[in-house]
Amino acid sequence: MNRLFVTIVMYERSWQETSASPLLEKAVKNQQIQLLVYDNSPHSHDEPFFQHPLVSYFHDPANPGLSKAYNKGFKSASSGDFDLLLLLDQDTELTKAYLNFLMTETIGTEIGAVVPLIYSGTTQVSPVLADRYINRNLAYPAIGEQKQRIMAINSGTAVTLAAIKKIGGFNDAFPLDFLDHWLFLRLHQEGFRFLIANQKLNHDLSVMHYKTMTRERYEQILTSESKFYRDFDKEKKKEHEKQLFFRTIKQALSPKMCRFSRRTWKEYLSFRKDHL
């Protein structure tokens, strides 16, 4: 039986509005998990459930993103005898089947992370193969243990405590965007394998909604994206440079995305200049 520590991040949503709350409450009351609720909302939430001895509630109105929350969960899990740290956000619909899988599946020491199949609507968005540049032409790994390099979104991923310790925790240089890319690159670099679970979870992937995305939010994504390829996944610099160029054209021709085209072009010129 694997001991499971869960960290869930909330933002401007009550606990009852969080997709996974009913299942997490039941698991806590059955003493199956220990839970950290990290609340990035401007105002704190007072819930009777947060008083449970197996629940820790932490309010951070500064809204530092995900890495701070995950590192706090990592620190808490490290102080106990836990095997896995499950990362969740408020938009992932956790299932009882996946939770049971994490608690009962035999996980070898060579495994760095367990990942489910994440869908946004009818489209699988995670995990994907990451030996190539990740764009809209996605390729997916097979179910089961994988040695190939993959990338999976943070929410729904269960990282082994041994693996997190090996890579030194989560990188605060990626407080929100591309933290998942960095995490799976580092796990792969350290020689860990990945267990792809045949478990489907639904997730509302907000970065796919260009129509409602603010310029500030796009700026955050673009900056983290370039930092990742500039400083970490350096062998894909040329592919990223080309992607920025073609993305600029595509955005300029799209009514939904044209407002981002100038900023993408500026990023392309800056990124290209760094590598001339």
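Each value in this text was obtained by applying a stated rule to the coordinates, not by laboratory testing. What you see is a predicted model, and the numbers here were worked out from it, not measured in a lab. Please note: Cβ atoms are built from the backbone with ideal geometry, for glycine as well, and neighbour counts cover all protein chains shown.
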As a check on your grasp of the helix formula, calculate [θ] at 222 nm for the chain: sum -39500 (n - 2.57) over DSSP H runs of n ≥ 4, divide by the residue count, round to the nearest 500.
-10500 deg cm²/dmol
Got a sec to turn the phi values of the range 5-22 into Karplus ³J(HN,Hα) couplings, 6.51 cos²θ - 1.76 cosθ + 1.60 with θ = phi - 60°, whole Hz, x for Gly and Pro?
10, 10, 10, 10, 9, 10, 8, 6, 8, 6, 4, 5, 7, 7, 4, 8, 4, x
Determine the shape class of the range 209-274: with a ≥ b ≥ c the square roots of the Cα gyration tensor eigenvalues, call it rounded for a/c under 1.5, and otherwise prolate if a/b is greater than b/c, oblate otherwise.
prolate
Mind telling me which of 47, 110, 145 comes out most flexible in a GNM of the chain, alpha-carbon contacts under 10 Å?
47
Tally the DSSP beta bridges in the chain and give the antiparallel ones as a percent, rounded to 5.
40 percent
To the nearest 0.05, how large is the calculated FRET efficiency for residue 273 and residue 212 if R₀ is 41 Å and r is the Cβ-Cβ distance?
0.80
Which of 241, 216 has the fewest Cβ neighbours within 10 Å, and the rest in rising order
216, 241
Once label points are set 7 Å from the Cα along Cα→Cβ at both residue 2 and residue 239, what is their separation, rounded to one decimal in nm?
2.8 nm
For residue 39, enumerate residues with amide H under 5 Å from its amide H, sequence gap 5+ or separate chain, H modeled in the peptide plane.
10, 58, 59, 60
In order over the range 229-239: 3J(HN,Hα) from phi, Karplus 6.51/-1.76/1.60, θ = phi - 60°, whole Hz, x for each Gly or Pro, gives 6, 6, 10, 10, 8, 5, 5, 9, 4, 4, 5
Which one, 157, 214, 95, has the greatest fluctuation when you compute a Gaussian network model over the chain with C-alpha springs under 10 angstrom?
214
What is the extension gain from residue 26 to residue 41, computed as 0.36 nm multiplied by their sequence separation minus the C-alpha to C-alpha distance, in nm to one decimal?
3.0 nm
Show me, for the range 184-197, the HN-Hα J-couplings you get by feeding each phi into the Karplus relation (A = 6.51, B = -1.76, C = 1.60, θ = phi - 60°), rounded to Hz, glycine and proline as x.
6, 5, 5, 4, 5, 4, 8, x, 6, 9, 10, 9, 8, 7
Pairs 166/227; 237/266; 238/266: which are spaced more than 19 Å apart, C-alpha to C-alpha?
166/227
Listing 140, 70 by rising number of other beta-carbon atoms within 10 angstrom, fewest first, gives 140, 70
With unit charges on the beta carbon (Lys/Arg positive, Asp/Glu negative), name the residue among 8, 248, 129 whose Cα is farthest towards the positive pole of the charge dipole of the chain.
248
Over the chain, what is the mean sequence separation of C-alpha contacts under 8 Å (at least six apart), divided by residue count, expressed as relative contact order in percent?
18 percent
